[in-house]
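S.K.: So that we are looking at the same thing, I have put the structure below in structure tokens.
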Amino acid sequence: MTDTYKNYIDGEWVTARSGETFESVEPADTDRVLGQFQRSTEEDAQRAIEAANEAQEQWQSLSRIDRAAYIEEVFKILEQRTDELGELVSRECGKELSEGKADVVEAIHMLQYAFGNARQPTGEVVESEIPAKDSYVHRQPAGVVASITPWNFPIAIPIWLIAIPLIEGNTVVWKPAEQTPKCAVKLMEVFDEAGIPDGVINMITGYGEDSGAPLVSSNDVDSVLFTGSAKVGQMIQKDVAVQGDKQCACEMGGKNAIIVTEDADMDIAVHSAIMSAYKTTGQRCVSAERVLVHEDVIDEFQQRFVSAAEKINYGHPVEDDVFMGPLVDDAQVEKTKEWNQRVRDLDAAEVLVDRETDIGEEHADGRFVGPFAYRIEYDDDIDVLHEEVFGPHVAIMPYSDLDEAIEIHNSVEYGLAMAICTEDYRKARRARQDCEVGLGYVNLPSIGAEVHLPFGGVKKSGSGIASGKDIIRAVTHRKAWTVNNEKDIEMAQGLSADIFRGSDE
Ligand code: UN1
């Protein structure tokens, strides 16, 4: 018998109105059940939205600094629970232990950034062309924010999409991914212990169609923050666009690339490519599924990459010395295997690494898919070179000059992260200028952004305001406010203020 966990609404732990629950299991060993969770529906979403609406005015009336003090409490408690929650992240989403812990540490860093930022000056003072006028820009909370978060960073990304919205004076309804509900419940416990007033943060577990969609369509939600797949993000963007009065920031996938130039340091290039392709089992939105290597060095790169990929240790994420864990769910396993098979069936592709099922019998109950890599000449018509797999699956492609590398780089509809491995600063600069991305790295993997940097992409990858201080734009309204300090009214642009002009007065 496993425990049943509840939703968190208006400061209370409550069951879903449907009375239904769903199960969360360890992807590395699906016999191990982590708990039963509430299968929330529109009714629960509505209850949570009402609680958030009721709490919002009072919460907004606190100073920004007082609101931040609550976030500092969350930070203190989370810091004490780093190891415990890190291990839970590893068990529930399948990332190896250092990654599970890094997820919690990333959340801690975001909390630190968020409450520290509350003592920074905000807004802008704008010079008026009329000396008697003072103008400034003031920000006010949107109201109720719906935060819809993915499973691959089950502690960090929720904190990205909750901490700053709260400090800005919004209240939040959070719908975590159905793959990682236990991480969500444990994170809510931290908020509860921190003494956040009732209704300020609410959490409902369940599936997107049942309980995420009603948040997006509700008239009482003022801003939607989403990180996840392009398919769902586009649905949210469309839904919000026709409502007209709702803000929205969507952060969606990528088909990220590493460019290796002819002068690159091969140790750095191979290390960066392996990290980018296989860390988190390829399940970061910033993971790289394309490595573009100059034709003069591709054979050497390939030989070294393959030898490293053959040695990667994959297994249960809480075992010692594991580099890569399982994929999160059966849908991911199926999808990754399907793309691998399509590559095997391509005449144009040479499969270099195929460890798809290279895992011991003891892991038969896990959702394991091993490293896969292939070499191929870029061809616009090959769909796998454009579509995001979100697994340990990577194409190695030759190019003859940097113009061609950049053209291939930009041929995809996404534009999230990239890296260039080069010893030539001019080539690195060229990549910075011409690669269509929101995040770029030189002589590094394409993963591992720090929280105080802006995070987000261009093109189909999103609006580029998923995190850091930029997210403030998605959860506040700007007010341009002008004050006249004289008795006379004087207008800008030479506009006459003489209301008796031409009359006898
Ligand atoms: C994601 O890939 O879904 O930059 C988020 C990184 C992490 C965040 C990744 N800080 O790799």
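The values are calculated or read from the model by the stated rules, or taken from the named source; none is laboratory data. This is a predicted model, so every value here is computed, not measured. Please note: Cβ atoms are built from the backbone with ideal geometry, for glycine as well, and neighbour counts cover all protein chains shown. We work out accessible area using only protein heavy atoms, side chains counted, and drop any ligands, DNA or RNA first. Shrake-Rupley method; radii C 1.70, N 1.55, O 1.52, S 1.80 Å.
S.K.: Give the cross-link partners of K427 among the aspartates and glutamates, using a straight C-alpha distance below 20 Å as the criterion and excluding same-chain residues fewer than 8 apart.
M.R.: Within reach: E262, D263, D265, D267, E295, D296, D401, D403, E404, E407, E436.
S.K.: I've got another one for you. How far is helix 97-117 tilted off the main Cα axis of the chain, in degrees rounded to 10, range 0 to 90?
M.R.: The two axes meet at around 20 degrees.
S.K.: Leaving out ligands, DNA and RNA but keeping every protein chain, what accessible area does T482 have, in Å² rounded to the nearest 10, with a 1.4 Å probe?
M.R.: 80 Å²
S.K.: Further, regarding this structure: Leaving ligands, DNA and RNA out of it, report the carbon-plus-sulfur percent of the accessible area of the chain at a 1.4 Å probe.
M.R.: That fraction is 44 percent.
S.K.: Which FRET efficiency value, to the nearest 0.05, is calculated for K76 and V351 with the Förster distance at 60 angstrom and r the Cβ-Cβ distance?
M.R.: 0.75
S.K.: Just to confirm the number: angle between the C-alpha axis of helix 230-243 and the first principal axis of the chain, 0 to 90 degrees, nearest 10?
M.R.: 20 degrees
S.K.: Per residue, how large is the accessible surface of the chain? Use a 1.4 angstrom probe and give square angstrom.
M.R.: About 44 Å² of surface per residue is accessible.
S.K.: If you put +1 on each Lys and Arg Cβ and -1 on each Asp and Glu Cβ, how big is the dipole of segment 256-442 around its Cα centre, in Debye rounded to 20?
M.R.: The calculated dipole for segment 256-442 is roughly 640 debye.
S.K.: Set the Förster radius R0 to 35 Å, insert the Cβ-Cβ distance between E450 and E490 as r into 1/(1 + (r/R0)^6), and round the FRET efficiency to 0.05.
M.R.: My answer for the efficiency is 0.15.
S.K.: Hey, another quick one. With every protein chain present, what accessible area does Y113 have (1.4 Å probe, heavy atoms only), rounded to the nearest 10 Å²?
M.R.: Taking all protein chains as shown, Y113 has close to 50 Å².
S.K.: Moving on to the next point. State the answer as a single residue: which of Y136, I396, M418 lies farthest towards the positive end of the charge dipole of the chain, with beta carbon charges of +1 for Lys and Arg and -1 for Asp and Glu, about the Cα centre.
M.R.: My answer, from the dipole projection, is Y136.
S.K.: Still on this model: At 0.36 nm per residue, and after removing the present C-alpha to C-alpha distance, how many nm does the segment from S307 to E193 gain when stretched out fully?
M.R.: Between S307 and E193, full extension yields 36.2 nm more.
S.K.: With the crude spin-label approximation of a point 7 Å out along Cα→Cβ, what separation in nm comes out for D358 versus R342?
M.R.: According to this spin-label approximation, the distance is 2.4 nm.
S.K.: Turning to a different aspect of this structure: Report the charge-dipole magnitude of the chain in Debye, nearest 20, computed about the Cα centre from +1 at each Lys and Arg Cβ and -1 at each Asp and Glu Cβ.
M.R.: Dipole magnitude for the chain comes out near 1080 debye.
S.K.: Let me know the shape class of the chain, please: from the alpha-carbon gyration tensor, a ≥ b ≥ c as square roots of the eigenvalues, rounded when a/c is under 1.5, otherwise prolate if a/b is greater than b/c, or oblate.
M.R.: Oblate, since a/c reaches 1.5 and b/c is not below a/b.
S.K.: Compute the helix-to-body angle for 425-434: its Cα long axis versus the longest principal axis of the chain, expressed 0 to 90° and rounded to tens.
M.R.: Roughly 60 degrees between the two axes.
S.K.: Calculated FRET efficiency, D3 and R32, Cβ-Cβ r, R0 22 Å, to nearest 0.05?
M.R.: Result of the calculation: an efficiency of 0.95.
S.K.: Decide, for segment 256-442, between rounded, prolate and oblate: order the square roots of the alpha carbon gyration tensor eigenvalues as a ≥ b ≥ c, take rounded if a/c falls under 1.5, and otherwise choose prolate if a/b is larger than b/c, else oblate.
M.R.: Prolate, because a/c is 1.5 or more and a/b exceeds b/c.
S.K.: Still on this model: In the chain, with Lys and Arg counted as +1 and Asp and Glu as -1 at Cβ, which of these residues, A48, P197, P214, has the Cα nearest the positive end of the dipole, that is, farthest along it?
M.R.: The one lying farthest along the dipole's positive direction is P197.
S.K.: Right, next: Exactly which trypsin sites (Lys or Arg not before Pro) in segment 396-505 are in a DSSP loop and have at most 15 other Cβ atoms within 10 Å?
M.R.: Those that pass, being in a loop and sparsely packed, are K487, R501.
S.K.: Relative contact order of segment 232-313, please, whole-number percent, based on alpha carbon pairs below 8 angstrom and at least 6 residues apart.
M.R.: After rounding, I find 31 percent.
S.K.: Kindly provide the GluC sites (Glu not before Pro) of segment 435-496 that DSSP labels as loop, not H, G, I, E or B, and whose Cβ sees at most 15 other Cβ atoms within 10 Å.
M.R.: In loop regions of segment 435-496 (DSSP not H, G, I, E or B), the sparsely surrounded GluC sites (Glu not before Pro) are E450, E486, E490.
S.K.: Could you work out the relative contact order of the chain, using alpha carbon pairs under 8 angstrom and six or more residues apart, expressed as a whole percent?
M.R.: Normalised by residue count, the contact order of the chain is 18 percent.
S.K.: May I ask which residue of A273, Q303, F372 lies farthest towards the positive end of the charge dipole of segment 256-442, with charges of +1 (Lys, Arg) and -1 (Asp, Glu) on Cβ and the Cα centre as origin?
M.R.: So the residue furthest toward the plus end is A273.
S.K.: Measure up K101/K246; K311/K337; K182/K479; K246/K335; K238/K335 against 31 Å on the Cα-Cα distance and list the ones that go over.
M.R.: Violating the 31 Å limit, Cα to Cα: K101/K246; K182/K479; K246/K335.
S.K.: Sticking with this one: Looking at the chain, what % of its DSSP beta bridges pair antiparallel, to the nearest 5?
M.R.: So the antiparallel bridges amount to about 40 percent of the total.
S.K.: Also: Compute the relative contact order of segment 256-442 as a whole-number percentage, counting only Cα pairs closer than 8 Å that sit 6 or more residues apart in sequence.
M.R.: It comes to 29 percent, rounded to a whole number.
S.K.: In segment 237-325, which GluC sites (Glu not before Pro) fall in coil by DSSP and have 15 or fewer other Cβ atoms within 10 Å?
M.R.: Here the GluC sites (Glu not before Pro) that fit, given the DSSP loop and packing criteria, are E295, E319.
S.K.: Using a/c under 1.5 as the rounded threshold, could you call segment 86-219 rounded, prolate or oblate? The axes a ≥ b ≥ c are square roots of the C-alpha gyration tensor eigenvalues, and prolate needs a/b larger than b/c, oblate otherwise.
M.R.: prolate
S.K.: Heavy atoms of the protein only, probe of 1.4 Å, neighbouring chains included. What is the accessible area of D83 in Å², nearest 10?
M.R.: 100 Å²
S.K.: How many angstrom lie between the Cα centre of segment 326-347 and the Cα centre of segment 103-130?
M.R.: Each part reduced to its Cα centre gives a spacing of 42 Å.
S.K.: Taking 0.36 nm per residue of sequence separation and subtracting the Cα-Cα distance, how much length would be gained by fully extending the chain between S98 and E84, in nm to one decimal?
M.R.: Going from the current span to full extension adds 3.8 nm.
S.K.: For the chain, what does -39500 (n - 2.57) per DSSP helix run (n ≥ 4), summed and divided by total residues, give at 222 nm, in deg cm²/dmol to the nearest 500?
M.R.: Mean residue ellipticity, 222 nm, calculated: -11000 deg cm²/dmol.
S.K.: Quote to one decimal, in nm, the extra length available between E377 and E209 on full extension: 0.36 nm per residue of separation minus the C-alpha distance between them.
M.R.: 56.5 nm
S.K.: Another question, then. Taking every DSSP beta bridge with both residues inside segment 256-442, roughly what % is antiparallel (nearest 5)?
M.R.: 15 percent
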